[in-house]
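Participant: Before we start, here is the structure in question, set down as structure tokens.
What follows is calculated from the coordinates using simple rules that are stated; it is not laboratory data. Model, not experiment: these values are computed from the prediction. Please note: Cβ atoms are built from the backbone with ideal geometry, for glycine as well, and neighbour counts cover all protein chains shown.
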Amino acid sequence: MPMLEIKDLSVEVDGRKILDGLNLAVNAGEVHAIMGPNGSGKSTLAYVLAGKADYAVTDGQVLFDGEDMLAMEPDERAAKGLFLAFQYPLEIPGVATMTFLRTALNAQRRKRGEAELSTPEFMKKVREAAGKLDIDQEMLRRGVNVGFSGGEKKRNEILQMALLEPRLAVLDETDSGLDIDALRVVADGVNRLRSPQRSMVVITHYQRLLNYIVPDVVHVLSKGRIVKTGGKELALELEARGYAQFQEEAA
Amino acid sequence: MSAEVRPIKTAAEQALAEAFAARKGALARDPLAAQREAAFRRFAAEGLPHRRVEDWKYTDLRALMREAKPLAGPPDTAGIARAKNAGGLLRVVDARRIVLVDGVFVPELSDLAALEPGLTVGSMAEALAGADAEVVGRVGTVAPTDDVAAALNTAFMGDGVVLNVADGVTLARPIHLVFAYTATVAAAVFARSLVVIGKRARATLIESHEGPDDLDYQVNNALELSVGDDAKVDHVKIGTEGSRALHISTLMAALGARAELNDLSFTTGGSVVRNQLHLRYAGEGAAATIAGASLIKGRQHVDTTMVVDHAVRGGSSRELFKSVLDGESHAVFQGKIIVRPGAQQTDARMMTRALLLSEAAEADNKPELEIFADDVQCGHGATAGALDQDLLFYLKARGIPAHEAEALLIQAFVGEALETIERDDLRAALADAAAAWLITRG
Ligand SMILES: Nc1ncnc2c1ncn2[C@@H]1O[C@H](COP(=O)(O)OP(=O)(O)O)[C@@H](O)[C@H]1O
Ligand SMILES: [Mg+2]
């Protein structure tokens, strides 16, 4: 059984169809890339997986370990092991990053019936993970993402992922807005988490990221459906020839 | 157009008139008798403020105060015993507790041992009985206001605290004025306190107000606060009155040259609460931060009305008021900033934010700027809205359940106002009180 199985998923926003019969199956341990032009529905897919309210699922199914994920609240999905790295991470003034991380981690552990982490255990874990991502302690004391640069926000997403240790990570354009050094730090962070038990869906507009996070499978999304699936060489082909050919195929 | 005809007195107005008449004999030798008479005449002419009185537009006291409760008698032993643990919200703050039970200063519950040199603490009733010239000369003069509720306090006030900090004295320990209502029947309490902070002195003054739930007692409290030149005062008022209480409080404060006032009111209790502030800039270059945080629910009504009077040059004022409103609660903010002709280089900014947790909650905001000087910076802003759904989603996507996510955002919202408190222990105590409120919210 695939870890994630999306069957004929159709989604509307404000009465407009954005996803149109999308199918996708991701097995444990696989990294899938989803590439597509702006507006093709990549973020919509990511949000629907995470459970954002503004999207109306009009048809289809999403199964996580065979369970109906669409019936779950966003926090339940997270506790079950889903993680979405946001394309545009939000700023939360007044909620210290440390408090946020700790509340999230302990809420998930509680829901899974695990013991909460003690303060020293938690601090140690955060310090280690932050160190590997070049995130300094001062940033952790600030409000979540408040005053962070675009790159710092993306690194903070990966820090959250490293701490929460999800089984299924969806990364929505984690590469956008990063210079090459930051991209490397982020990609290394992601690669460290690759494991036979963990699956990833890496959403990107550009092939560049896939030089660092090498996918097992590449899909092309156009007009709300997967129009082509291939190996990592498909990404290179897209880079060379653009999306136009696939958009025509979809039409 | 005809002049407004004074309507027939309400039962409450009638009762207040009778109560004042009955007290006359007792006040025969009171050194403030003339001031009290004048104050009562002011009330008699105006009656209880109602919605056509601009300053009371949103808090129609004539309608909200159907009856005037009898004046509370002096507390009995049982009442005093009940007040023993009052002010417990601030357990973690090492403060000098001065306890007032039903408006009466109770030395045996107060921490009067080893007063720092330069600190004096006494009873208002005693000062008046002894015709203390310093006190008698000062009451009603610090920052005079013609507000009718303040006038009622002057007319009826029995006791309160008189507190002095001498020039140049820094009080390391905060002073905590604990106001406890302990009577088992509903009565009215009128306390008046006078706090004089000398030049270059520093002090933290905390007031807390509490009483039993389910009893419709009435509190009309007033505090005159004089802050000397170059002095610095932190003032925090905590309102946790009982669920049916009517609480009116008037702070009349004056700031000397280069004085600093850091004021915060924190309100979770009471049925109808009116916090009024009259702040007068008496010396040049004074600075005040006035903050507020209210967390209310059910049918609670909390009105903050303030007049910030920049009478001299170079003053600055910052207001930041945050209300969290659940149920059918109602928050009112009226802020008037006056910049008088000589008050050049005034810098005044006012911000109010309301967080509406329910559709039925309501927040009214009325800023007023009266500016008569040209070289000034003044501004105000207001927002009202629900919790940000996108932020909630971000938190939930990280595994935080909806209720906990809401609590985090509400605490962050209130936290911005609490940030103005310098002392960590005091700020933490109020953050805990906000967290406790979130739990009772259900
Ligand atoms: N919350 C929303 N409200 C209105 N339109 C939306 C919303 N989210 C997405 N859309 C629309 O859906 C389409 C796909 O958007 P999106 O999923 O963000 O694409 P991508 O991430 O591939 O750039 C776009 O036309 C976008 O305008
Ligand atoms: Mg997108």
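Participant: How charged is the neighbourhood of B:Ile439? Take every other residue with its Cβ under 13 Å from the Cβ of B:Ile439, and add Lys/Arg as +1 and Asp/Glu as -1.
Facilitator: Net charge in that neighbourhood comes out at -2.
Participant: Another one. Using a Gaussian network model of chain A with C-alpha springs under 10 Å, which one of A:Lys154, A:Lys52, A:Lys80 is most mobile by mean-square fluctuation?
Facilitator: A:Lys52
Participant: Okay, next question. Quick one: divide the alpha-carbon radius of gyration of the protein assembly as shown by 2.2 N^0.38 Å and tell me what you get.
Facilitator: Taking the Cα Rg and dividing by 2.2 N^0.38 Å, one obtains 1.18.
Participant: Want the number for A:Leu70 to A:Met123: 0.36 nm per residue separation, take away the alpha-carbon distance, what's left?
Facilitator: 15.7 nm
Participant: Using the Cβ atoms and a cut-off under 15 Å, what net charge is assigned to the surroundings of B:Ala405, where Lys and Arg are +1 and Asp and Glu are -1?
Facilitator: +1
Participant: Another question about this same structure. Enumerate the amide H contacts of B:Asp234 below 5 Å, restricted to partners 5 or more residues apart or on another chain; note that Pro and chain-start residues carry no placed amide H.
Facilitator: Sorted by chain and number, the residues that satisfy this are B:Ala203, B:Thr204, B:Leu205, B:Asn262.
Participant: Using a Gaussian network model of chain B with C-alpha springs under 10 Å, which one of B:Ser316, B:Ser265, B:Ser358 is most mobile by mean-square fluctuation?
Facilitator: B:Ser358
Participant: Tell me, what ³J(HN,Hα) does each residue in region A:172-180 have, in order and in whole Hz, if you take phi through Karplus 6.51 cos²θ - 1.76 cosθ + 1.60 with θ = phi - 60° and put x for Gly and Pro?
Facilitator: 3J(HN,Hα) across region A:172-180, in whole Hz: 9, 6, 5, 7, 5, x, 9, 7, 5.
Participant: Taking R0 as 25 Å, what's the FRET efficiency between B:Ala360 and A:Asp14 from their Cβ-Cβ distance, rounded to 0.05?
Facilitator: 0.35
Participant: Can you give me the orientation-averaged projected area of the convex hull built on the Cα atoms of region B:305-438, in nm²?
Facilitator: Taking the Cα atoms of region B:305-438, their convex hull projects to 9.5 nm² on average.
Participant: Filter A:Lys111/B:Lys396; B:Lys297/B:Lys366; A:Lys223/B:Lys396 down to the pairs with a C-alpha to C-alpha distance above 23 Å, please.
Facilitator: Pairs exceeding the cut-off: A:Lys223/B:Lys396.
Participant: Please report the Cα spread of chain B along all three principal axes, rounded to whole Å, starting with the longest.
Facilitator: 70, 60, 45
Participant: Still on this model: If R0 is 22 Å, what FRET efficiency do you get for B:Ala34 and B:Glu134 from their C-beta distance, rounded to 0.05?
Facilitator: After rounding, the FRET efficiency stands at 0.75.
Participant: Same structure, new question: From Cα coordinates alone, what are the radius of gyration and Dmax values for chain A in angstrom?
Facilitator: 17.9, 56
Participant: In terms of Cα to Cα distance under 17 Å, which aspartates and glutamates are near enough to B:Lys336, apart from those fewer than 8 places away along the same chain?
Facilitator: B:Glu54, B:Asp55, B:Asp146, B:Asp147, B:Asp263, B:Asp303, B:Asp309, B:Glu319, B:Asp347, B:Asp364, B:Glu368, B:Glu370
Participant: Could you list the trypsin sites (Lys or Arg not before Pro) in region B:256-291 that lie in coil according to DSSP, counting only those with at most 12 other Cβ atoms within 10 Å of their Cβ?
Facilitator: Hits after loop and neighbour filter: nothing returned.
Participant: Of all DSSP beta bridges located in region B:11-387, what percent are antiparallel, nearest 5?
Facilitator: 5
Participant: Related question: If you take the beta carbon distance between B:Arg299 and B:Ala11 as r and set R0 to 22 Å, what does 1/(1 + (r/R0)^6) give as a FRET efficiency, to the nearest 0.05?
Facilitator: Rounded to the nearest 0.05, the efficiency is 0.50.
Participant: Share of antiparallel DSSP beta bridges in region A:133-242, in percent to the nearest 5?
Facilitator: Bridges in region A:133-242 that DSSP calls antiparallel: roughly 50 percent.
Participant: Take the alpha carbon atoms of region B:1-103, find their radius of gyration, then divide it by 2.2 N^0.38 Å using N residues; give the quotient.
Facilitator: Numbers: Rg = 18.7 Å, N = 103, 2.2 N^0.38 = 12.8 Å.
So the Cα radius of gyration is 1.46 times the expected 2.2 N^0.38 Å.
Participant: A further question on this structure: What does DSSP give for the protein assembly as shown in terms of the percent of beta bridges that are antiparallel, rounded to the nearest 5?
Facilitator: 15
Participant: Rounded to whole Hz and in sequence order, give me ³J(HN,Hα) for region A:41-53 from the Karplus expression 6.51 cos²θ - 1.76 cosθ + 1.60, θ = phi - 60°, writing x for Gly and Pro.
Facilitator: x, 5, 5, 4, 4, 4, 5, 5, 4, 7, x, 5, 6
Participant: Of B:Asp388, B:Asp425, B:Asp364, which has the largest mean-square fluctuation in a 10 Å C-alpha GNM of chain B?
Facilitator: Between B:Asp388, B:Asp425, B:Asp364, it is B:Asp388 that shows the largest mean-square fluctuation.
Participant: Sticking with this structure for a sec: For B:Arg258, list long-range residues whose amide hydrogen, built 1.01 Å from N in the peptide plane, is under 5 Å from its own amide hydrogen.
Facilitator: B:Asp230, B:Glu284, B:Gly285, B:Ala286
Participant: Just to confirm a number: summing +1 for Lys and Arg and -1 for Asp and Glu over residues other than B:Lys336 whose beta-carbon lies under 9 angstrom from that of B:Lys336, what do you get?
Facilitator: For residues surrounding B:Lys336, the net value is -3.
Participant: Inside 10 Å of the C-beta atoms of B:385-397, what's the mean count of C-beta atoms belonging to other chains?
Facilitator: Numbers: counts 0, 0, 0, 2, 3, 6, 6, 2, 10, 12, 11, 12, 16.
Mean number of neighbouring Cβ atoms from other chains: 6.
Participant: Separate question: Can you give the mean number of other chain Cβ atoms that lie within 10 Å of the Cβ atoms in peptide A:96-104?
Facilitator: For peptide A:96-104, the averaged partner shielding equals 3.
Participant: Over region B:9-122, how many pairs of lysines fall under 30 Å by alpha carbon, counting only those 8 or more apart in sequence or from different chains?
Facilitator: Lysine pairs meeting the criterion: 6.
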